Amino acid sequence: MSDLKNVQPLAEFDWDEFENGSSTKTNKQDLEEAYNDTLNKIQEHQVVEGTIIALDKKEVVVNIGYKSDGIIPASEFRYNPELKVGDKVEVYVENQEDKKGQLVLSHKKARLARSWDKINDAYEKEEVIQGYIESRTKGGMIVDIYGIEAFLPGSQIDVHPIRDYDVFVGKTMEFKILKINQEYRNVVVSHKALIEAELEAQRKEIISHLEKGQILEGTVKNITSYGAFVDLGGVDGLIHITDLSWGRVSDPHEIVSLDQKIKVVILDFDEEKKRIALGLKQLTPHPWDALDPNLKVGDHIQGKVVVMADYGAFVEIAPGVEGLIHVSEMSWSQHLRSAQEFLKVGDEVEAVILTLDRQERKMSLGIKQLTEDPWETIEVKYPVGSKHTAKVRNFTNFGIFVELEEGVDGLIHISDLSWTKKIKHPSEFTTVGADIDVIVLDIDKENRRLSLGHKQLEQNPWDTYETIYTPESIHKGKIIQLMDKGAVITLNEGGEGFATPKHLVKEDGTKAAVGDELDFMVLDFVKETKRIILSHSRTFENVKDDYKPTAHKHNTKKAEATQINNVTAGTTLGDIDALAKLKEQMEGNK
């Protein structure tokens, strides 16, 4: 308080000027002009340099030496997370004074105004630039470089395959410009290129110390359909799918997983091509070496079908130990069939060891051996004369192949199909897959074939026809086919006969036609060749036909008797007396 008592007012202070707000020496306008002269001269739509005087998460305050400071959204500086008070930045003057009297600045526009020059300069000098990853896009990412949107391909983000792109959004990273399209102002950048230069030196160092047979530890970085890529600490090697396991592998994911740490052995490498072949299965003994030493031919084993082919199935009895079941060892049948008819991949099967070669690591198996060979006791189940139902398998010109059971086949010759029908091809008689009744005629055990018959299941009708169709006897028949050489006639009592054209003339002189039902006289009957020669004309002619039946020893006596006993439809009463006398005469001769 004692100090304040000694303070005195300034003697030269003009209290009137202070009270009236004016000065006789300097007016207000002069003062403003003097103040403005101390500020920077700026123009709108130009780029100037400013200093950051304050910042927070939303705004950045920039001083450019003007009477007011500019406020810029913090989002325009997101490419630079290390921004701080005192940093110099370029800004674009949009408006010296808005409605609120505020200086309007833009950092983004300032960057855009000069960014293209900077990008081209960085591209030419191969400089490293910073960028902010804005968002994901198809095939990669969008990066803000000096305010220009550049494309970062997914393959150029890292040397390792990227499984989650979203983790990079919002990050600031260093990039190298790969390509510029001046016309469309497109820019392609890479982060991977920056790492590769460092890795290349590491690769050369690692490869220079590699040796075949060397065991290394690595990390599974990628899995494909053909194998797995392993990172050996800066250099990648490939474990081919065939080198993952001694057993068959359909998908590498069955053996390894991403980011798994595994030990591998170097099988081969090429320094120039930078290819390294790795093996995983080679770190374990071969399964054939660990196979049960007591296993031998004839033993029964359990396994799983792993591969199918038309000629057979591969069965895995242990990982890396497989045996082949050939299709011929799947069934006792002699028909060549596809293995897919018996087995499929994944089937658990029991089989018999047929051959075993430990040195060559080969094994052949069979499954038909699990059942008895039906041909061992064929005479017991299918004796000659026994009747059975078979399945039609296929046709040939000479007969039908049928199957009585799996592995038991037989042949029905075309001549053994029917007593009466003249069959040109077996397909006229039945169809493939149909059932057919058969009788065993003969057994060929050595060749595993049965001779079968079908017609033998019925009595031979020609034995009956022999007593009915005696020479000169007359029967009703219907013409079913006409040819140049004659006609085929179906007889009412059964069987078919044949008549030549001259024997088809009717009593009125017209020719018989298909469908006509007429009387026919038997001119000749031959049982051995199943031939019946007929004539319609002879039924009404009074003169003897010049046709002479073939003499057959087996029916000479019967023919003599039937010539006497048969009374034809055209016989008169006088003829009957003559025939009776002839009969008495022949009996007397006997």
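Observations, loosely collected:
- The stretch 269-316 - accessible surface per residue (Å², probe 1.4 Å): 61 Å²
- Highest-first packing order for the peptide set 430-437, 220-227 is 220-227, 430-437, based on the mean count of other beta carbon atoms within 10 Å.
- Rolling a 1.4 Å probe over the protein heavy atoms gives the stretch 103-155 an accessible area of 48 Å² per residue.
- If you plug the beta carbon distance of E541 and Q369 into 1/(1 + (r/R0)^6) with R0 = 45 Å, you get a FRET efficiency near 0.05.
- Within the stretch 58-167, GluC sites (Glu not before Pro) in DSSP loop having at most 12 other beta-carbon neighbours inside 10 Å: E82, E126, E127
- Placing R0 at 45 angstrom, the Cβ-Cβ distance between V306 and N397 gives a FRET efficiency of 0.55 after rounding to 0.05.
- Accessible-area composition of the stretch 70-177, carbon plus sulfur, in percent [1.4 Å probe]: 45 percent
- Members of K455/K478; K368/K391; K421/K530; K421/K455; K381/K445; K304/K344 lying beyond 19 Å, as alpha-carbon distances in this model show: K455/K478; K368/K391
- Surface per residue (accessible, 1.4 Å probe) for the stretch 328-420, Å²: 52 Å²
- For L55, distant residues with modelled amide H under 5 Å away: V61
The values are calculated or read from the model by the stated rules, or taken from the named source; none is laboratory data. Model, not experiment: these values are computed from the prediction. For neighbour counting, all protein chains shown are included, and Cβ atoms are generated from backbone atoms with ideal geometry for every residue, glycine included. Just the protein is used for accessible areas: all its heavy atoms, side chains included, with ligands, DNA and RNA removed. Shrake-Rupley method; radii C 1.70, N 1.55, O 1.52, S 1.80 Å.
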